[in-house]
């Protein structure tokens, strides 16, 4: 084996998922000490990073806007796995975990990722440009999904509290999945040009000029390693469940903050990908990642949780409280005002980041 080929085989993107899978096999179903908990935490974070890295390779092979879909779906698979494994553990606040995680994902994507991308783009290029038609369609879909799945349960009367009845949950799951499918069909079909990257000069970019797409062989290898990493993430999250809940309780944060931790962990690599795109003057790609992830978090997570609720014990509380609904409403209004002009300055980025800061602060001090 040549030194160059050996270096590729021993790269961190290959070694990390393999080691994570081995660690999962060693720790699954066992009581582990502090040292192993720390190792599992590092392996879990590494597996998340490497999963998104391989998703990016596959995304680069298939091109935009398909690449953003691959990243969004990969992140959502991780999110669903983490939610289900923690809910199975049945810790404090587990009945609200799906709601808290999905809402946190919406706030982080629509305020955090959007804000960071707009701020970076505006600082580097003075004015950021994007396609208002495609971005507006994505925002409308996110708003509809969030209202159907997270707002309406608070006001329905079939069940006491912010909970859907089985029939209502089934409708919300089917509607979410159908709406997400229609958006994907629109984004990848004849309206694909609405979601292509646009430079600050207003020019549409059909393909990236800085690098050639990876070969089919490399893309298939990344797809296989991506599947291994996803399995490792879900399994290690189950192993690390007691440590996550104990850590949140130890610092005095409410149990609902576990959902924020999950969303931050899952979306951190995608935030980095969006920031990189913004630095290359590809704000549309950043917005595709942000709103696509928010959409997938609701449109895929709610149906998966609805199916999982068949065997999960206890209620499934999806309805937002008053504070959360106010934050969601302000986020939607601000996002509309950001998207409609098709261009933004650093001010819009700062406004979105302040909303994210307000969400995080109120999650710690409700």
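The values are calculated or read from the model by the stated rules, or taken from the named source; none is laboratory data. The model shown is predicted, which means the values in this text are computed figures rather than measured ones. When we count neighbours, we look across all protein chains shown, and the Cβ atoms used for this are built from the backbone with ideal geometry, even at glycine.
Here are the numbers for the structure shown:
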quantity	calculated
Residue 107 in contact with a helix residue (DSSP H, G or I) (Cβ under 7 Å, 6 or more places away or on another chain), within 15 Å of residue 237 (Cβ to Cβ) and modelled with pLDDT of 70 or more	no
Residue in region 85-102 that is under 15 Å from the mean Cα position of the chain (by Cα), at pLDDT below 75 and part of a helix (DSSP H, G or I) present	no
Selection count, region 253-273, where residues are surrounded by fewer than 21 Cβ atoms within 10 Å (Cβ to Cβ) and either under 25 Å from residue 23 (Cβ atoms) or at pLDDT below 80 (or both)	6
Verdict on residue 290 being part of a helix (DSSP H, G or I), surrounded by fewer than 24 Cβ atoms within 10 Å (Cβ to Cβ) and at pLDDT 80 or above	no
Filter pass, residue 149 being in contact with a helix residue (DSSP H, G or I) (Cβ under 9 Å, 6 or more places away or on another chain), farther than 21 Å from residue 338 by Cβ and buried (at least 22 other Cβ atoms within 10 Å of the Cβ)	yes
Which listed residue, of 81, 67, 115, 134, is at pLDDT 90 or above and either under 15 Å from the mean Cα position of the chain (by Cα) or assigned to a helix (DSSP H, G or I) (or both)	115
Matching residues, region 20-37, being more than 24 Å from the chain's Cα centre (by Cα) and assigned to a helix (DSSP H, G or I)	22, 23, 25, 26, 27, 34, 35, 36, 37
Residue satisfying condition, being surrounded by 15 or more Cβ atoms within 10 Å (Cβ to Cβ) and out of contact with any strand residue (DSSP E or B) (no Cβ under 9 Å at 6 or more places or on another chain), within set 339, 364, 354, 326	339
Check on residue 44, under 14 Å from residue 267 (Cα atoms), at pLDDT 80 or above and in a helix (DSSP H, G or I)	yes
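Conditions (1) more than 27 Å from residue 185 (Cα to Cα); (2) modelled with pLDDT of 85 or more, marked per residue:
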| site | (1), (2) |
| --- | --- |
| 312 | yes, no |
| 319 | yes, yes |
| 342 | no, yes |
| 357 | yes, yes |
